[in-house]
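In what follows, a single structure is set out as structure tokens and then discussed.
The values are calculated or read from the model by the stated rules, or taken from the named source; none is laboratory data. Predicted model, so just to flag it, every value in this text is computed and none were measured. Backbone-built Cβ (ideal geometry, glycine too); neighbour counts: all protein chains shown. Calculation scope for accessible area: heavy atoms of the full protein, side chains included, ligands and nucleic acids excluded. Shrake-Rupley method; radii C 1.70, N 1.55, O 1.52, S 1.80 Å.
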Amino acid sequence: MWQDMNTMNKDSKLPNSGKTVLDKTLLTEVLISLISNDIYIPTYTNGLKDIAKYLGFNWSNEKASGLQSIIWRFEWEINPTTDLKNTLIAYNIEDSRALMLVQNWLVSLSENNDKTVLTNTLKRQNIFKWGVTVFALEHFNEINAKAYFDYQRQHIFLRTERKVYKAVSNKQQSVKQYNHIDKRINLFPDKCKYCGNKDITIVRSAKKAQIDLTFMKSGIKKQVIEYEGGAYRCKKCQKIVMVENMRRLPHYGHNLMLWSVNQKIQYRLSSDSIINLLKDSFKISASTTQITRFKKVIADKYLETYQEIIKKMCESKLIHIDETIARIEGIDGYVWAFANYDSVYYQFRETRETDFLKELLQEFKGVLVSDFYTGYDSMECKQQKCLVHLIRDLNEDFMKNQLNEEFKQIMSKFGNLLRNIITTVDKYGLKQFHLNKHKKEVEKFYTDIILQDFESELAVVYQKRFIKYREKLFLFLNYDGIPWNNNNAEHSIKPFAKWRKKITKSLNKQNIEGHLVLLSVLQTCKYQGVNFFEFLKSGEKSIYEYSKNDL
Ligand SMILES: [Zn+2]
């Protein structure tokens, strides 16, 4: 479940970052100013990172920087993994080491009076790259293809090696022979449906086996049920009655479909893996097309669950929103993710236009938290922009413009303001009563920024941006429980991104939409502490009702 940031802080210890970053920043500035005045170094910028790198120092993380460490810290708060914590600690240690290195080097320069560094001592960049070998000659491609494992086994060794022959021929065997019937169900009634007469004759009869799974307390078992149906004639009223159209009876049962969908959605198994699992565990054979169809059947069944999710979200006080490109082979588009404390909803759109949001979120009266994509600007609801996004942008521009004093001034003023607010959030949580006190500082920040007549283009760009988003940057100070970052939405994009990564075949729109229905159900279950598979098995349609009874 998604946790409120402040509850998380009480449970876990924060890796030290804020204070150290400040002190280091100060020391770095002193050293760097020495360098920019008197020493020429063949680096792109006079930043600590470039200089230390030039001196042979390597950060274990490529992205390391002062502001980046703040971003890592916030990410760690939302998602407290050991990895992130180690990154932060490593960053702090390495940064200090880098500083020492630069300091020692400066000292050595003055001692040795050797102010030049020969270019031939520079390290050469690695020129080799990984990739697929493409042969210039078509013949070579063909030869290369024939060296592949499967080709060799099926076409070459098959003829000479007995074991390979056995393995390949077993692989091709179907598993049909294990489908012995566990249960027979006769669908013909004892008496006529219309007059109740018991004297009926069967005029047409057909049998069909359905393969399914039975869920027991201690596990899952395969079950094959043979149904018998057709048509009968009543000897009294002479009516011919159809019992069940055996042709329409699905070959695979509902439980089997639920099981496959769970593997696919919750565990992100490929169709091939599911096919192999079915074969190995249950001696059931199924094709890729069938696995895809299972997903569609179940997605259609949970459409109402999906629609309830967005309806409930619109009734809540908060929605996080984010979008990502869905460049899946065969189709281009965007996937929107909506998230709050207990629900996640995804929607596929063919364009990045935001018009659909007005209708979808028509009833929503809460606060929408988003990044700075201009598509959201015209939304009428109250909005909070993600401040981590803003820090990321500031940080990125800082890396490229480390000598821009005006920009630095804006950045440090905003940094101080935000740091004070975050301290309050850490201490009291997202409580309007305490956050309100920072409004005076916000006023002061804006007075300082607006009154400045900046010369640098970059400073002017940020000045405009701060003014444009004034209300949307600090709206959270007026509310209880409205986060100042969009981590929740970014977090909910992840499950989609992981799936997108694994797609190798082309998909149609319907397939993606079906997947998003089920992914919304899965993520909402997770946010509510509900087991997705248990929910599916229960036959319930409302996760909100189910989670109430589940407690
Ligand atoms: Zn009858």
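Taken over region 428-453, the criterion of being open to solvent by less than 40 Å² (accessible area, probe 1.4 Å), part of a helix (DSSP H, G or I) and in contact (Cβ under 8 Å) with a residue 40 or more places away in the chain is satisfied by Leu435 alone. Restricting attention to region 225-239, the residues being open to solvent by 20 Å² or more (accessible area, probe 1.4 Å), away from the ligand (no atom under 13 Å from the Cβ) and under 26 Å from Tyr194 (Cα atoms) number 2.
Count of region 454-510 residues, restricted to those that are without any contact (Cβ under 8 Å) to a residue 60 or more places away in the chain and either in a loop (DSSP other than H, G, I, E, B) or aromatic (Phe, Trp, Tyr) (or both), is 6. Of the strands (runs of 3 or more DSSP E) lying entirely inside region 177-278, those carrying at least 1 residues that are within 24 Å of Tyr302 (Cβ to Cβ) and touching a helix residue (DSSP H, G or I) at 6+ places or on another chain (Cβ under 6 Å) are 200-215.
Could you please let me know if Glu353 is farther than 30 Å from Ser547 by Cα and either of a type in the set (Lys, Arg) or not in a helix (DSSP H, G or I) (or both)? For Glu353, the condition - farther than 30 Å from Ser547 by Cα and either of a type in the set (Lys, Arg) or not in a helix (DSSP H, G or I) (or both) - is met. Scanning region 317-354 for residues that are among the small types (Gly, Ala, Ser) and surrounded by 15 or more Cβ atoms within 10 Å (Cβ to Cβ), which turns out modelled with the lowest pLDDT? By that ranking, first place goes to Ala326. The set of residues in region 523-542 that are crowded, with 22+ Cβ neighbours inside 10 Å and within 18 Å of the chain's Cα centre (by Cα) comprises Gln523, Thr524, Cys525.
Here is the figure for region 199-224: residues that are more than 16 Å from the ligand (Cβ to nearest atom), more than 37 Å from the chain's Cα centre (by Cα) and either closer than 18 Å to Leu536 by Cα or open to solvent by 20 Å² or more (accessible area, probe 1.4 Å) (or both) total 6.
Each residue in region 367-388 was checked for being open to solvent by 40 Å² or more (accessible area, probe 1.4 Å) and in a helix (DSSP H, G or I), and 1 pass.
Restricted to region 290-316, and to residues that are of a type in the set (Asp, Glu) and within 28 Å of Leu258 (Cα to Cα), which residue is surrounded by the most Cβ atoms within 10 Å (Cβ to Cβ)? Write out each step before concluding.
Here is the first cut: in region 290-316, the ones of a type in the set (Asp, Glu) are 300, 304, 308, 315.
Add one more test, that the residue is within 28 Å of Leu258 (Cα to Cα), and what stays is 300, 304, 308.
Values: Asp300: 11, Glu304: 10, Glu308: 20.
Of everything passing the filter in region 290-316, Glu308 is surrounded by the most Cβ atoms within 10 Å (Cβ to Cβ).
Put simply, of Lys468, Lys464, Lys509 the only residue that is surrounded by fewer than 19 Cβ atoms within 10 Å (Cβ to Cβ), under 24 Å from Thr289 (Cα atoms) and not aliphatic (A, V, I, L, M) is Lys509.
Please tell me if Asn245 is more than 14 Å from the ligand (Cβ to nearest atom), open to solvent by less than 70 Å² (accessible area, probe 1.4 Å) and touching a Gly at 6+ places or on another chain (Cβ under 9 Å). Spelling it out, Asn245 is indeed more than 14 Å from the ligand (Cβ to nearest atom), open to solvent by less than 70 Å² (accessible area, probe 1.4 Å) and touching a Gly at 6+ places or on another chain (Cβ under 9 Å).
For region 63-114, a residue qualifies if it is at pLDDT below 70, among the acidic types (Asp, Glu) and surrounded by fewer than 17 Cβ atoms within 10 Å (Cβ to Cβ), and the qualifying residues are Glu111, Asp114. Taken across region 355-365, residues that are open to solvent by less than 70 Å² (accessible area, probe 1.4 Å) and either at pLDDT below 90 or among the β-branched types (Val, Ile, Thr) (or both) do not occur at all. Across region 395-427, the qualifying residues are those that are more than 18 Å from Ser69 (Cα to Cα) and touching a residue at least 60 places away in the same chain (Cβ under 8 Å), and the one among them that is surrounded by the fewest Cβ atoms within 10 Å (Cβ to Cβ) is Leu403. Taken as a whole, the condition of being of a type in the set (Asp, Glu) and either crowded, with 18+ Cβ neighbours inside 10 Å or within 16 Å of the ligand (Cβ to nearest atom) (or both) applies to Asp190.
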